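Take a look at the structure set out below.
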Amino acid sequence: MIEVLNLVKEFPKKDGSLFRAVDGVSFSANDGEIVCLLGVNGAGKTTTMRVLSTVFKPSGGTATIQGYDIVSQPEKVRQNLGFLSGDTGLYNRLRAREFITYFGRLNGVSDADINARMEEMAELLDMHDFLDKKIDFLSSGMKQKVSIVRSIIHDPQVMIFDEPTSGLDILTARNIVSFVRDCKANGKCVLFSTHIMREAERLADRIVIIHRGMVLANGTLEEFRAETGQIDLDDIFVYYVNQSNMEEELSADEF
Amino acid sequence: MNFKKALIVYRKEMLEMLRDKRAIFATFIIPLVLYPLLFIGFGFIMSRQTEILEERGANIAVVDSVGTEISAQIMENLKGIENFTLLPWDKSTQTLMNEGELQAVVSITDSITTHGYQVYKVQVKYDSSKERNQLVYGKIRESVARSKEQSISAELQKRDLDPELMNLINVEAFDIASAQKRLGSYLGMIMPYIMIMMLVAGAASVASDIVAGEKERRTLETLLVSSAQRKELVLGKYLTIITAAMANLIVNLFSMGFSMQYMLGSQELAMGITQMPITGFLILLAAMIPLATLFAAVLMSISTFSRNNKEAGSYLQPVMLISMLLGMISFIPSIEINNLLAWVPVVNIALLFKAVLINEYQISHLLITIGSTIALDVAAIWLTIKLFNTESILFRTDEDSSLKHARKQKGVLFNGLNGLIYFALMLVLMYYLGSYLQGKDLLTGLIQTQVLIIALPPLLILKVFKLKDKEILRLKAPRIRELVFVPFIAISGAILASMLMQLVDFIYPLPAHYLDQLGGLVKMSDSIWVLLGAVALAPGICEEIMFRGFMMRFFESYNRKTAIVITALFFAIFHLDPFRLAPTFLLGLILSYLTLRSGSIYNSMLSHTLNNSLAIVISAFAGSAWLKPLLSGDEGFVWWLAIPAAIVLSLSLWGFHKVTADKNEEIIQLS
Ligand SMILES: Nc1ncnc2c1ncn2[C@@H]1O[C@H](COP(=O)(O)OP(=O)(O)OP(=O)(O)O)[C@@H](O)[C@H]1O
Ligand SMILES: [Mg+2]
């Protein structure tokens, strides 16, 4: 369960002023639900997720993961969170198995549980061929699978995947998509981001459209269709973006 | 904090390190191969070279202008030297000598003493810059010494005296140093340096990779989103660096020991090393652990601060260099550890090491050394954990850098970098020109130093850059209610500073001439007014212009505290006097605060002048009864005075703080 309330993240700019990458974002994601953060490049998806992962401290607002506050209980949050993004790299000098074991142990999982889980996941994601290879020699799809196993080795209730399928071929991507569905079936709470409309359409129970650090819309695809009169998510997305641009112009005109 | 997690991190880091071929090569292969090659090869070449020199012998020109039995004897002995060719002296001798064909020219002359004895002089002309010639000269000397003995003994016999008379007085030395101590003094000289070098090199080889490398390879975030705490990550990595440092040390020592033993063969040093019990080695190694931890902590904080391996490498370099320079202190023969030096990191371990080897050290040295090292250690680890919790440091992007601040102010005169450069230049100028000026006539020299070196450059710079000097230097009249507090601050501050001085004296007894330097000045000058002008008023004005007026401006853009501390530190260093560092620093803090807080430099000028005047007056009237309680002496210093002084200082500073409104002065830009 994720609850985000008025989350703000600012970065200092070169000239010393502040830039709001996340500007008052609120949404929630329940157990057994897949929520998608949808937005263009630079919309603030990754930044929002990094704040939720406790790697960044919020400049304002709050959020809880499984009821734990991201600022005051960061360790608890991380214990209940599986996190994956483009910035969570792998140790090239380790073998895939060692890498996964390392993070399992760091998260306090017993070796027996690590092995059992790794076995199960290897089956699911078809990883047996490269589990004992050095990560250095793996392809990016293989690495992504290793990363996924790494992120959920401690069986967290909440999962945050930042563009989990980016750069992957269609088969591997499907593999991962079906894994995310499995997670949902097991009652987990999944938040993932993408800028691929198809993926959001197919996978998400609810979509949060985020643009320039702000939430433009939050609902199911059906709700969006009803509200906008558009069928395609592409068109829905553009509709909301145009609407926000117009509002901005209007408010600019007022002054 | 869960130590098990730290151990998990440690084990993984070690595994990664062992997989890194480069690290393995540097830590194990190079030392194990290099030293034997170096020592054995070097030893071989050296002994072979000496042999070659022997075989080559020498050409020397000789001229005997006396021609007696004795001079003939000298010539005879010279001829007898193996592989030596004697040439008669002629016109070509000088050219041959210049061309290096001749190794030496020997001429024998004589003279008659007042008692009518004929005495001989053997003159050897040679170019000592060539090693071969030194060898030749040694042989000639030996030969002449033999001739001398033979001739004197013959002469004694001629006069019916016992030739044994030659040995009337003999010197015989008994070295009471035990073999262990002798060995210790050799080893004490080189070993600390070598060990420190290896430790820091070993630590540096992994330190940059361990955090900065993770940033570069984008694995840090993976680590940070695990449920491990930051402290646990830091601890695990820290242990890894310590292990690398110690491993490097042990491997190097091991390899070096064996190679040296091989090279030196039966020589005393090598015998000593082999005779040294293994427990001795272990103790020495254990002694290096605190230092290893210190290096690990410091290097790790640097690594955490850096964006990538390359940046870390460039920051680590100076740290390594400084450590090595500090370690070199063991080469200086007369320096021994004492309670003051025991506080200086690296130096203390080097000297303690030396002292332990010859078994002459006090428990206090040991405690201070270990204690201060661990304190620094803890501080560095604390800093690393803090950095690990600072996202702007952990996720520094390529654009912003540590010098962001300095770069942002490019084209602005008053930035930290310029301040540092200016200070360094002035320090050099002070060191050379200042001591030159004061060497001629102390009193005039002091005034010249103040005016020419200290006050003039800032004024000139401000003129050249056409800056508003009045505003920059804060030449602004102080308010009466500020000035009221200044004397109290100055006097109580001076008393506290002199207490600090006494404390330094207590820990590290100062040289006697040092304490009455000022007294000497007082005696020298005829008038106390002249003295007050030179030693109180001139510094009060000139040093304030340089430090509070000018220097502080360079650092004000950071924040006020930084500006005050850095200015005070520079002020203390500028006095080029290690003993007075602490008291001067204290004064610097107070003076910088006065100016920055009130926006008027006249406050600190007054305080500075009062402070120095007080010192002079005390020295001048040292005999007066009313000053007795203020003075150190045989009766001992009055320690309790520190308490009222501290109270007065705090109260008057508080008062000053109250009456000065906080003036937010803008940074003045170069227009
Ligand atoms: N560490 C940082 N420092 C400064 N600015 C940052 C930092 N991280 C992100 N930003 C800025 O915040 C904004 C949002 O970036 P973010 O990475 O969250 O976008 P995104 O929605 O994930 O985009 P993408 O689809 O390209 O991944 C961008 O303008 C980016 O430049
Ligand atoms: Mg992103």
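The values are calculated or read from the model by the stated rules, or taken from the named source; none is laboratory data. Keep in mind the model is a prediction, meaning the values are calculated, not measured. As a convention, Cβ positions derive from the backbone with ideal geometry for all residues, glycine included, and neighbour counts pool all protein chains shown. Remember, those area values only see protein heavy atoms, side chains included, never the ligands or the DNA or RNA. Shrake-Rupley method; radii C 1.70, N 1.55, O 1.52, S 1.80 Å.
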task: Restrict the check to segment A:59-81 and report whether at least one residue is touching a residue at least 60 places away in the same chain (Cβ under 8 Å), crowded, with 20+ Cβ neighbours inside 10 Å and under 26 Å from residue B:209 (Cα atoms).
output: no
query: Which residues, counting only those in segment A:152-180, are surrounded by 18 or more Cβ atoms within 10 Å (Cβ to Cβ) and within 16 Å of ligand 2 (Cβ to nearest atom)?
result: A:160, A:161, A:162, A:163, A:164, A:165, A:168
query: Looking at segment B:10-26, which of its residues are more than 16 Å from residue B:232 (Cβ to Cβ) and either open to solvent by 60 Å² or more (accessible area, probe 1.4 Å) or within 11 Å of chain A (Cβ to nearest Cβ) (or both)?
result: B:15, B:16, B:17, B:18, B:19, B:20, B:21, B:22, B:23, B:25
query: Does residue A:167 meet the test of being modelled with pLDDT under 90 and of a type outside the set (A, V, I, L, M, F, W, C)?
result: yes
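Rundown of residues vs (1) surrounded by fewer than 23 Cβ atoms within 10 Å (Cβ to Cβ); (2) hydrophobic (A, V, I, L, M, F, W, C), yes/no style:
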{"site": "B:541", "(1), (2)": "yes, yes"}
{"site": "B:559", "(1), (2)": "yes, no"}
{"site": "B:570", "(1), (2)": "no, yes"}
{"site": "B:582", "(1), (2)": "yes, yes"}
{"site": "B:588", "(1), (2)": "no, no"}
{"site": "B:594", "(1), (2)": "no, yes"}
{"site": "B:598", "(1), (2)": "no, no"}
Filter result (open to solvent by less than 80 Å² (accessible area, probe 1.4 Å) and on the phi > 0 side of the Ramachandran plot) within segment A:103-129: A:108
- line: When segment A:1-28 is checked residue by residue, the ones that are within 17 Å of the chain's Cα centre (by Cα) and outside any strand (DSSP E or B) are A:1
- prompt: Could we say that residue A:84 is within 16 Å of ligand 1 (Cβ to nearest atom), crowded, with 19+ Cβ neighbours inside 10 Å and closer than 30 Å to residue B:18 by Cα here?
  reply: yes
- prompt: Looking only at segment B:60-91, which residues are part of a strand (DSSP E or B) and either aromatic (Phe, Trp, Tyr) or crowded, with 18+ Cβ neighbours inside 10 Å (or both)?
  reply: B:60, B:61, B:62, B:64, B:84
message: Could you check segment A:50-80 and list, in sequence order, the residues that are outside any loop (DSSP other than H, G, I, E, B) and at the interface with chain B (Cβ under 7 Å from one of its Cβ atoms)?
response: A:75, A:78, A:79
Positions within segment A:99-139 being facing chain B (nearest Cβ under 7 Å) and either free of Cβ contacts under 8 Å to residues at least 24 places away in the same chain or of a type in the set (A, V, I, L, M, F, W, C) (or both), in sequence order: A:102, A:103, A:105, A:106
- prompt: Restricting to segment A:199-218, what's the tally of residues that are within 14 Å of ligand 1 (Cβ to nearest atom) and either open to solvent by 10 Å² or more (accessible area, probe 1.4 Å) or in a loop (DSSP other than H, G, I, E, B) (or both)?
  reply: 7
- prompt: Of the residues B:84, B:3, which single one is aromatic (Phe, Trp, Tyr), within 14 Å of another protein chain (Cβ to nearest Cβ), over 24 Å from residue B:256 (Cβ atoms) and in contact with a Leu (Cβ under 8 Å, 6 or more places away or on another chain)?
  reply: B:3
statement: Of the residues in segment A:52-69 that are of a type in the set (A, V, I, L, M) and modelled with pLDDT of 95 or more, the one that is farthest from ligand 2 (Cβ to nearest atom) is A:65
query: Name the pairs: first residue in segment A:39-53 and near ligand 1 (Cβ under 6 Å from one of its atoms), second residue part of a helix (DSSP H, G or I), Cβ to Cβ under 8 Å, at least 6 apart or on different chains?
result: A:39/A:45
